[in-house]
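Note sheet for the following structure.
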Amino acid sequence: MRVPPGVSVDDFSSALTEFRRVVGDEWVFTSDEDLDLYRDAYSPFLNEPEERMASGAVAPVSTEEVQQIVRIANRYRIPLYTISTGKNLGYGGSAPAYSGSVVLDLKRMNRILEVSEANAYALVEPGVSYFDLYRYIQERKLKVWIDCPDPGWGSVIGNAIDRGGGYTAANYRNHFDAHCGMEIVLPNGELLRTGMGAIPEAQTWQQFKSACGPWIDGIFSQSNYGIVTKMGFWLMPQPEAYMRCAVSLSRYADLNPLVETLNYLENSRITQGFPDISSPLLGYGPIGQIQLFFERGPGKSSPEQQKLVSEATLGFSPELEAYAVKSGTAYWEVLLSYYGPMEVIEAQWRATQRHFSAIQGAKFRIVDRVTLPLDPAKIESYHEPEFGVPSLRAFSIGARTPWTPTPSKGHMWFSPIIPRTGEAIIEANRVFGAAARQLDMPLFQTFSLPACYWERSFIFILATPVTEDPATNRHYREGFKKLIEIGGQHGWGEYRTAPVFQQAVTDVYSFNNHALRGFHETLKDAIDPNGILSAGRYAIWPKHLRGKQS
Amino acid sequence: MVPIPTSLSVYKVIFDDQFSAARAFGASAERNGLRTAVIRGDITALWLNDLKGHWQSGGAAIAGMTTPRALLCLEQLAHDTWRRVLERVEYPAGRAGSDPQLVSWIIGL
């Protein structure tokens with residue numbers, strides 16, 4: 001039997017007995033073969049002694065059971081590590097941040113408690129996946145859309161409190177921002193509801209976010225201050241039509257006005273969908289079509305173009321720019337998506353063209369114009385999540401194809417946030433490119449473009465491979481940490497990361513002698529004095545473990 | 001190729017019909033009287049419309065031959081009902097233009 005660190009065998013056995021009394025024998029797991037299901041399939045410590053492992057797992061079916069488990073864990077000082085469905089591969093999966101914790105697995109809590117079509121919101125439990133919510137809505141023919149990540153197999157709550165993003169309209173893509181109201185089991189077992197849910201018999205829990213007084217929801221995301229057992233989300237009313245359009249620009253220097261114009265249009269809600277910047281000239285495709293890249297390979301380019309691209313510095317040379325003009329190949333292209341009544345989105349597209357026309361040589365084309373809902377038979381022609389449809393096609397990323405002959409075992413996402421300017425894109429490529437070459441890391445090889453999941457900032461989402469070779473993984477881990485540190489020196493930080501890197505990432509958030517970490521620790525000590533909840537999650541350690549982790 | 005024990009109750013055999021070895025695996029299963037299901041890379045529809053309900057109702061094992069990525073998806077989804085990969089046999093990629101790396105497997109409780 002595996003035993004959590006610092007817990008006696010007798011105490012652990014007693015705790016397990018009490019857990020079984022609460023949830024039933026079949027929902028407490030201690031065998032190696034069961035606990036192996038909680039390993040991180042993409043662990044950067046794959047098959048190394050440092051790989052984070054669980055000592056046990058317990059799967060409650062109700063909030064009341066969660067409360068009882070937490071009280072038992074307090075009595076025996078059992079470290080719990082909460083997961084919803086544990087599907088955030090690349091960001092840690094279901095393995096605990098503190099090796100030896102007991103995984104508190106909430107996937108059996110999978111009730112969809114309410115979906116309001118009239119006011120476009122849902123209330124769900126943590127075991128509800130995007131597939132579950134999508135199917136529920138489809139079966140009832142409700143005219144609302146979910147916003148899902150890619151892949152869409154994860155928990156709606158889990159992704160939101162891990163602060164994931166999606167692909168539909170801007171006000172739904174940020175999954176934590178799109179939530180409205182939480183129910184939380186605190187580390188002492190007490191039950192808390194936030195927002196209007198704090199009113200007994202609340203009538204507007206999923207309709208008004210901030211209620212009255214301090215708005216505390218944020219501290220329950222990427223943290224270990226409580227266990228979220230219910231959460232509300234605003235849904236998108238099913239739009240009448242969808243249009244995707246492309247703006248193509250021919251000069252390197254056009255990147256700055258492209259971003260400035262995009263920012264104005266997006267911040268004004270003239271375009272609402274996921275903006276997708278690519279470079280046909282540099283061979284960098286749109287994020288939303290990345291699975292097509294892996295399925296079909298890169299677009300064709302001439303030997304001359306390939307040679308010029310390989311010789312360019314930060315994606316530029318006068319010869320490459322001359323080639324772009326001569327061949328009519330776009331240096332930059334941005335795909336813009338619109339949702340709404342056709343007459344409205346056509347007007348928005350006209351306004352978009354008027355604004356981009358200020359950039360000399362801008363070219364415009366409509367890529368798709370469809371009325372909704374889409375014919376289900378045609379959905380595979382599109383990037384499904386842009387229509388609120390969950391999919392697993394993203395797993396073509398990294399598959400062995402003629403274009404990726406040596407696929408990795410998995411990946412760890414390097415995902416720094418940078419400013420929303422063209423200059424920042426080039427500067428990030430300069431800084432990270434030089435560092436990656438020096439560190440021999442397979443990132444920023446030629447020129448990388450960021451994604452626009454959230455308004456007002458860019459994010460790079462770059463996969464660092466996990467291999468079956470521990471020496472290679474060690475090299476990538478060290479390089480990854482160095483890139484995080486270099487990013488911090490330039491004022492850039494990760495938005496999310498796997499437990500292995502959470503200390504390194506949060507080290508960067510060091511303003512005023514780590515005042516933010518100090519505040520997190522003060523909260524932790526006050527709310528969870530026994531340190532039983534998700535120790536180490538986002539580098540928030542309970543007092544008895546603080547400073548003792550590498 | 002992973003042998004499917006005759007004593008094992010198998011719900012369906014899954015194969016990716018893009019690849020000749022997987023098609024042969026599926027054909028062999030059909031000859032042995034097993035039900036089959038076809039995928040082409042992505043397992044979303046199969047899982048959503050078939051396996052999810054089957055697993056939630058406590059169904060029998062499944063077997064198959066797919067790419068490792070398709071198996072990764074099925075394996076992770078199988079974990080939702082505490083199922084696991086019971087057997088797996090990997091096959092290296094064939095010559096250029098032929099089958100990629102494939103894996104045959106059994107998933108069950």
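Helix B:20-31 against the longest principal axis of chain B: what's the angle in degrees, Cα atoms only, rounded to the nearest 10? The angle comes out near 50 degrees.
Within the straight-line cut-off of under 20 Å between alpha carbons, the lysines reachable from A:Lys543 are A:Lys524, sequence neighbours fewer than 8 places apart in one chain being disregarded. Under the simplified labelling scheme, the A:Ala322-A:Val344 pair shows an inter-label distance of 4.9 nm, with each label point 7 Å from Cα along Cα→Cβ. Burial here means at least 40 square angstrom less accessible surface with every protein chain in place than with the chain by itself, probed at 1.4 Å; in region A:139-153 the buried residues are A:Trp153.
For chain B, what class follows from the C-alpha gyration tensor (a ≥ b ≥ c being the square roots of its eigenvalues): rounded when a/c is under 1.5, otherwise prolate if a/b is larger than b/c, else oblate?
It is prolate, given that a/c is not under 1.5 and a/b is the larger ratio.
Site pair A:Lys378 and A:Arg365 shows an inter-label distance of 1.9 nm when each label is modelled 7 Å from Cα along Cα→Cβ. For a quick check, take a GNM of chain B with Cα springs below 10 Å and name the residue from B:Ile39, B:Ile14, B:Ile62 with the largest mean-square fluctuation. The residue that fluctuates most here is B:Ile39. Say the dipole of region B:10-81 comes from +1 at the beta carbon of Lys and Arg and -1 at that of Asp and Glu; which of B:Thr81, B:Asn49, B:Ile14 then lies farthest toward its positive end? Comparing the listed Cα positions along the dipole, B:Ile14 ranks first.
Arrange the peptides A:495-507, B:49-61 so that the one whose residues have, on average, the most other Cβ atoms within 10 Å appears first.
Values: A:495-507: 21.3, B:49-61: 14.8.
Final packing ranking: A:495-507, B:49-61.
If R0 equals 30 Å, the separation of the Cβ atoms of B:Ala45 and A:Ser116 corresponds to a calculated FRET efficiency of about 0.55. Rounded to the nearest 5, the antiparallel percentage of DSSP beta bridges internal to chain B is 60%. Between A:Ser31 and A:Asn512, the C-beta separation translates, for a Förster distance of 35 Å, into a calculated FRET efficiency of about 0.15. Amide H contacts of A:Met236 (H built 1.01 Å from N, in plane; Pro and chain starts excluded): A:Trp145 sit under 5 Å, all sequence-distant by 5 or more or on other chains. Taking the average, over residues, of other Cβ atoms within 10 Å as the packing measure, peptides A:325-335, A:303-313 rank A:325-335, A:303-313 from highest down. Placing +1 on each Lys and Arg Cβ and -1 on each Asp and Glu Cβ, with no other charges, gives region A:4-55 a dipole about its Cα centre of roughly 200 debye.
Taking a cut-off of 19 Å between Cα atoms, list the aspartates and glutamates near A:Lys482, but don't count ones fewer than 8 places away on the same chain. Qualifying aspartates and glutamates at Cα under 19 Å: A:Glu427, A:Asp440, A:Glu494, A:Asp507. The fraction of accessible area contributed by carbon and sulfur in the protein assembly as shown is 51 percent, rounded to a whole number (1.4 Å probe; ligands and nucleic acids excluded). Relative to the longest principal axis of the Cα atoms of chain A, the long axis of helix A:470-489 lies at roughly 70 degrees. When the Cα positions of A:Gln305, A:Asn171, A:Leu192 are compared along the charge dipole of the protein assembly as shown, A:Gln305 comes out farthest toward the positive end, with charges on each C-beta of Lys, Arg, Asp and Glu. With a 10 Å cut-off around each Cβ of A:414-424, the average count of Cβ atoms from other chains is 0.
How many Cβ atoms of partner chains, on average, are near each residue of B:49-56 if near means within 10 Å of its Cβ?
Counting other chains' Cβ atoms within 10 Å and averaging over B:49-56 gives 1.
Rounded to whole numbers, the Karplus 3J(HN,Hα) couplings from phi for region B:42-56 are 7, 9, 3, 5, 4, 5, 5, 8, 9, 5, 4, x, 4, 5, 5 Hz, using 6.51 cos²θ - 1.76 cosθ + 1.60 with θ = phi - 60°, and x at Gly and Pro. Modelled spin labels at A:Ser210 and B:Ala60, positioned 7 Å past Cα toward Cβ, are 5.9 nm from each other. The long axis of helix A:130-139 is offset from the longest Cα principal axis of chain A by roughly 80 degrees.
Near A:Phe274, the amide H atoms lying under 5 Å from its own belong to A:Ser337; only residues 5 or more places off or on other chains count, and H is placed 1.01 Å from N. Look at the stretch B:69-82: the mean tally of other chain Cβ atoms within 10 Å of its residues' Cβ atoms is 6. In region A:23-178, a dipole from Cβ-located charges (positive for Lys and Arg, negative for Asp and Glu) runs towards its positive end, and of A:Ile72, A:Met53, A:Val124 it is A:Val124 whose Cα lies farthest in that direction. Annotation: the antiparallel percentage among DSSP beta bridges lying fully within chain A is about 90.
Taking only the Cα atoms of region A:114-158, the radius of gyration and Dmax are 10.0, 28 Å.
The values are calculated or read from the model by the stated rules, or taken from the named source; none is laboratory data. Fair warning: this is a prediction, and the values are worked out from it, not measured in the lab. So basically every Cβ, Gly included, is an ideal-geometry build from the backbone, and we count neighbours across all protein chains shown. What goes into the accessible areas is simple: the full protein's heavy atoms, side chains included, and nothing from ligands, DNA or RNA. Shrake-Rupley method; radii C 1.70, N 1.55, O 1.52, S 1.80 Å.
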